[in-house]
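For reference, the structure discussed in these notes is given below.
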Ligand SMILES: NC(=O)c1ccc[n+]([C@@H]2O[C@H](COP(=O)([O-])OP(=O)(O)OC[C@H]3O[C@@H](n4cnc5c(N)ncnc54)[C@H](OP(=O)(O)O)[C@@H]3O)[C@@H](O)[C@H]2O)c1
């Protein structure tokens, strides 16, 4: 398949979970480009699996100088960029009674500020007519316990798809957002003790209308659609890729 033949893509958080799933599906469809993350070990192992059409850049998406470097290096290596996936992010567990100012800034920097500046810093290096894909979360739609701040950041990311699309009409750059539900990624390891991970995944699967949680490839295949010309009539849209979790969960 070659729906993304010769398209140049930058995928933040492409060295793990959903981002790596997106990079794999992009590679399957003929794309080339860059994965971005901070963990040198997973950057190296991921890019080795992706093959010669991808390189890895070690950068922190909350650091604006790092973002400038990512897009400059990408365009020096591959030319102008066709697709940006602002995927890097992560949950912060806590309530309005417990997350302090430092926690607030950390969560908002990673899940909101990084998305804004990934797009802003990428724009000068992007082709007109390109596609930008943001990653939301079903936590933006339901008040899951202790995901208050993360859910609020992701709700704003979902808004960004509309606002950015409006801002970029003159360049015909389309911005859409994929909203995953619970997806099988290493993110579980950050919140759940190792010995409980399987049980927690099984619990989520049992309440899902589809009887399973999502796989990174589910999100990756949707991202291929949004990156390709098949979605040329879509901008500012949110695609809920959650196995029915948000509106139909038991
Ligand atoms: N898994 C789910 O159930 C789920 C559900 C809804 C939405 N999401 C969203 O999907 C996206 C991917 O999550 P995931 O589940 O795939 O998590 P993951 O496996 O933990 O991956 C997170 C990725 O983000 C990167 N990252 C984190 N902080 C970064 C920083 N400051 N600079 C650069 N890269 C950074 C990580 O790379 P390094 O560690 O190398 O920096 C990693 O590649 C996130 O936006 C998340 O909120 C996930």
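Read the figures in this text as sums done on the coordinates, not as results from a lab. Just so we're clear, the structure is a prediction, and the values are computed from it rather than from any experiment. As a convention, Cβ positions derive from the backbone with ideal geometry for all residues, glycine included, and neighbour counts pool all protein chains shown.
Overview of values
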read-out: Relative contact order [Cα under 8 Å, 6+ residues apart], region 1-150, whole percent; value: 25 percent
read-out: Percent antiparallel among DSSP beta bridges (both partners in the chain, rounded to 5); value: 0 percent
read-out: Euclidean distance between Cα centres, region 43-93 to region 148-219, Å; value: 19 Å
read-out: Residue 162-residue 64 pseudo-label distance in nm [points 7 Å out on the Cα-to-Cβ vector]; value: 2.7 nm
read-out: Choice from 155, 199, 65 with maximal GNM fluctuation in the chain (Cα, 10 Å cutoff); value: 199
read-out: Folded to 0 to 90 degrees: helix 17-28 orientation relative to the chain principal axis, Cα; value: 40 degrees
read-out: Cα-based helix-to-principal-axis angle, 64-78 vs the chain, degrees rounded to 10; value: 50 degrees
read-out: Helix axis angle, 197-207 relative to the chain longest principal axis, alpha carbon, degrees; value: 90 degrees
read-out: Along principal axes, Cα extents of the chain, largest first, whole Å; value: 45, 39, 38
read-out: Rg/Rg_ref, region 125-170, where Rg_ref = 2.2 N^0.38 Å and atoms are Cα; value: 1.41
read-out: Over the chain: helical MRE at 222 nm, DSSP H runs n ≥ 4 each giving -39500 (n - 2.57), nearest 500; value: -12500 deg cm²/dmol
read-out: The chain - percent relative contact order, Cα under 8 Å, separation 6 or more; value: 21 percent
